[in-house]
1. What list of whole percents do you get for P(r) of the range 1-140, with Cα-Cα distances grouped in 10 Å bins up to the one holding the largest distance?
2. Leaving out ligands, DNA and RNA, what percent of the accessible area of the chain is carbon and sulfur, probe 1.4 Å?
3. Between VAL24, VAL204, VAL126, where does the largest GNM mean-square fluctuation fall for the chain, given springs only between Cα atoms within less than 10 Å?
4. What is the ratio of the Cα radius of gyration of the range 154-220 to 2.2 N^0.38 Å, where N is its residue count, to two decimals?
5. Could you compute the FRET efficiency for LEU87 and ARG168, with r as their C-beta to C-beta distance and R0 at 45 Å, rounded to 0.05?
6. Quote the charge dipole size of the chain about the Cα centre in Debye, to the nearest 20; the model charges only the Cβ of Lys and Arg (+1) and of Asp and Glu (-1).
7. Between ILE141 and SER25, 0.36 nm times their residue separation minus their Cα-Cα distance comes to what?
8. Hand me the trypsin sites (Lys or Arg not before Pro) from the range 78-163 located in a DSSP loop with no more than 16 other Cβ atoms within 10 Å, in residue order please.
Amino acid sequence: MADAWIERFAGLSSLSDEIRQRLVSRSAVVRVPEGQVIFGPGRSPDNLLLLIEGTVRVHQTSESGREIVLYRVEAGQSCVLTTACLLAHEDYTAEGVAETDVEAVAIPRAVFDELMAGSGAFRAFVFNAYSRRITDLFRVIDEVAFGHIDVRLAQRLVTLARGTREIRATHQQLASELGTAREVVSRQLHEFQRKGWVAQARGVISLLDTASLRHIAESH
């Protein structure tokens, strides 16, 4: 069915038949290959993307060149930055990259504006998703400003492993994930390695003691 994707997004399944039909008929399912830049600073959003499959990494780069990962958009979610730019009619201030192959529903700006103005159910869906991701962003700010690097690094290693025991990432990439300097990440990884929790090779980090990493990740 052409509208089967709606069931993937909590809140859209309650739309009226008329609104649902308008949304389906005027939106399109798009596919983006891994590594492609989906949006970037200075560009204006043309669509709201609802992810069906895949992951999009949203990151920001400072004038000095330091990069920080703000959040990831996963299947069943929308991008809070895109929503904010659509609502405010402003350009992007960060970059979104397909971290995997991505399949998404593209809702054109004109349809987004119409449904925000005319459908309470669609408006509630957008603002509920928006509020959840704003909370996530505040958590990122709190972690960068006040979090202990050993706890934050352990948390990120466990998350990035996604149930496996190997992460393909450089020290610089992990520093970008955490919003800190590469040297800080390198020192902490060497400490984890000294304790026997991880092993390091070029571009690869192996988790040897996931239980200890989880313990420290949950200690604060």
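1. 12, 44, 35, 8, 1, 0
2. 50 percent
3. Sorting by GNM fluctuation, first place goes to VAL204.
4. Numbers: Rg = 10.8 Å, N = 67, 2.2 N^0.38 = 10.9 Å.
In units of the 2.2 N^0.38 Å rule of thumb, it is 0.99.
5. Details: r = 36 Å, r/R0 = 0.81.
So the FRET efficiency works out to roughly 0.80.
6. Numbers: 25 positive and 28 negative charges, 108 e Å.
The dipole magnitude comes to about 520 debye.
7. Details: separation 116, 0.36 × 116 = 41.76 nm, distance 3.91 nm.
Full-extension gain reported as 37.9 nm.
8. Working: sites: ARG109, ARG123, ARG132, ARG133, ARG139, ARG152, ARG156, ARG162; in loops: ARG162.
For trypsin sites (Lys or Arg not before Pro) across the range 78-163 that sit outside H, G, I, E and B with at most 16 neighbouring Cβ atoms in 10 Å, the list reads ARG162.
The values are calculated or read from the model by the stated rules, or taken from the named source; none is laboratory data. Small disclaimer: the values here were computed from a predicted structure and weren't measured. All Cβ positions, glycine included, derive from the backbone under ideal geometry; neighbour counts span all protein chains shown. What goes into the accessible areas is simple: the full protein's heavy atoms, side chains included, and nothing from ligands, DNA or RNA. Shrake-Rupley method; radii C 1.70, N 1.55, O 1.52, S 1.80 Å.
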